[in-house]
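*Asks:* Dumping the structure here so I can ask a few things about it.
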Amino acid sequence: MVELEHARNILSELGLNTASELLDAKLEDSLHKEATYLTFLNELLETEIQEKRRRSEETRLKLSRLPHRKTLEEFEFSFQPSIDTKQIKELSTLAFVARAENVIFLGPPGVGKTHLAVGLAMQALRSGMTVYYADLAHLIADLKRAAEQDRLDRRWRVYTRPDILIIDEVGYMQLDRASAELLFRVICERYENGSIILTSNKSFGEWGELMSDTVIATAILDRLLHHAHIINIRGESYRLKNRLKSGVKIAPSAGIPV
Ligand code: ADP
Ligand code: MG
């Protein structure tokens, strides 16, 4: 049909490729349902916008460099009773991002700090926000390399622009003075401009030693904690839970007491 072909071409020239591809099927469906013109038009445009949102989320997800795609729904809160579920629920509304507040997850390895940080990020990506993930070692190495190659200004934007910057694994790497200064600059740039979600296995009292400089550590904490939600997780490692579980299964036949 010439008219159908014409409509399809116009849709694709307008960049509405999904609508163009689905035009045939949607027309047939509308005829079948005896839908009104308006319902037909709404449904056709709805498919286009849904596909556009899906592609945008996928692109932002790739650019975020998240280590995995674990969601808050996949988190077993019953395993970690020290976490206030109401607080996590409140954070998942993302009001903290609009207010450029920070979220700090503290606790020993395996208690779910990264999972929760990623879970909040997934929620943010779903609602159209941008995220960038880096563990501290990567962030420092990346900025140092950029500085050496004289392209720090451009690289800087990667850490300042996103709605949320995740700085994971603070505490595993001892920072020298230059590295601590780079971290300080990142924190300053984002202060009251954009949210940071940070995870650490070290208490704030240990940061002076970690940064090889108590003055910088104090200045970093001063800005980081000014508007911050702190979630202190005191509990067992989830990785250990899984190991115990498999231990329980093997034990009876092997005759090993559990
Ligand atoms: P951390 O960053 O605190 O060291 P992770 O977030 O990396 O810990 O958690 C370790 C592993 O255990 C991950 O695979 C994570 O998805 C899983 N995990 C941790 N806590 C929970 C939980 N309460 N419910 C479900 N999975 C969890
Ligand atoms: Mg982690």
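The values are calculated or read from the model by the stated rules, or taken from the named source; none is laboratory data. These numbers were taken from a predicted model, which means no experiment stands behind them. All Cβ positions, glycine included, derive from the backbone under ideal geometry; neighbour counts span all protein chains shown. Surface accessibility is based on the protein's heavy atoms, side chains included, excluding ligands, DNA and RNA. Shrake-Rupley method; radii C 1.70, N 1.55, O 1.52, S 1.80 Å.
*Asks:* Please work out which one of (1) under 30 Å from THR59 (Cβ atoms); (2) open to solvent by 70 Å² or more (accessible area, probe 1.4 Å) is the condition ALA134 fails and give its number.
*Replies:* With respect to (1) under 30 Å from THR59 (Cβ atoms); (2) open to solvent by 70 Å² or more (accessible area, probe 1.4 Å), ALA134 is out only on (2).
*Asks:* Criterion first (aromatic (Phe, Trp, Tyr), at pLDDT 95 or above and either assigned to a helix (DSSP H, G or I) or more than 9 Å from ligand 1 (Cβ to nearest atom) (or both)) does PHE105 satisfy it?
*Replies:* Spelling it out, it is not the case that PHE105 is aromatic (Phe, Trp, Tyr), at pLDDT 95 or above and either assigned to a helix (DSSP H, G or I) or more than 9 Å from ligand 1 (Cβ to nearest atom) (or both).
*Asks:* In addition: In the set ARG145, ARG151, ARG126, ARG157, which member is open to solvent by 40 Å² or more (accessible area, probe 1.4 Å), in the same structural domain as GLU189 (by TED's automatic domain parsing), more than 18 Å from ALA178 (Cβ to Cβ) and without any contact (Cβ under 8 Å) to a residue 12 or more places away in the chain? Talk me through it step by step, then tell me what you get.
*Replies:* Numbers: ARG145 fails: more than 18 Å from ALA178 (Cβ to Cβ); ARG151 fails: more than 18 Å from ALA178 (Cβ to Cβ); ARG126 fails: without any contact (Cβ under 8 Å) to a residue 12 or more places away in the chain.
None of the other options fit; the residue is ARG157.
*Asks:* Would you check if there is a residue in the range 106-115 being away from ligand 2 (no atom under 16 Å from the Cβ) and small (Gly, Ala, Ser)?
*Replies:* Looking for residues that are away from ligand 2 (no atom under 16 Å from the Cβ) and small (Gly, Ala, Ser), one finds none in the range 106-115, hence no.
*Asks:* Right, here's the next one. Would you mind telling me which numbered condition in (1) within 16 Å of ligand 2 (Cβ to nearest atom); (2) assigned to a helix (DSSP H, G or I) THR59 fails?
*Replies:* (1)
*Asks:* Which residues, taken from the range 49-102, are open to solvent by 70 Å² or more (accessible area, probe 1.4 Å), in contact with a strand residue (DSSP E or B) (Cβ under 8 Å, 6 or more places away or on another chain) and more than 21 Å from ILE164 (Cα to Cα)?
*Replies:* The answer is ASP84, and nothing else.
*Asks:* Return the residues of the range 212-234 that are in contact with a Lys or Arg (Cβ under 8 Å, 6 or more places away or on another chain) and modelled with pLDDT of 95 or more; say none if nothing qualifies.
*Replies:* ILE216, HIS227, ILE233
*Asks:* Restricted to the range 1-31, and to residues that are open to solvent by 60 Å² or more (accessible area, probe 1.4 Å) and outside any helix (DSSP H, G or I), which residue is farthest from GLN50 (Cα to Cα)?
*Replies:* The qualifying residue farthest from GLN50 (Cα to Cα) is MET1.
*Asks:* Among the residues of the range 176-202, write down those that are touching a residue at least 12 places away in the same chain (Cβ under 8 Å) and either on the phi > 0 side of the Ramachandran plot or open to solvent by 60 Å² or more (accessible area, probe 1.4 Å) (or both).
*Replies:* ASP176, ARG177, GLU181, GLU189, TYR191, GLU192, ASN193
*Asks:* Please work out which one of (1) closer than 22 Å to HIS227 by Cα; (2) free of Cβ contacts under 8 Å to residues at least 40 places away in the same chain; (3) within 16 Å of ligand 2 (Cβ to nearest atom) is the condition MET173 fails and give its number.
*Replies:* All conditions pass for MET173, except number (1).
*Asks:* I need a count of the residues in the range 209-234 that are open to solvent by less than 40 Å² (accessible area, probe 1.4 Å) and more than 13 Å from VAL170 (Cβ to Cβ).
*Replies:* Result for the range 209-234: 6.
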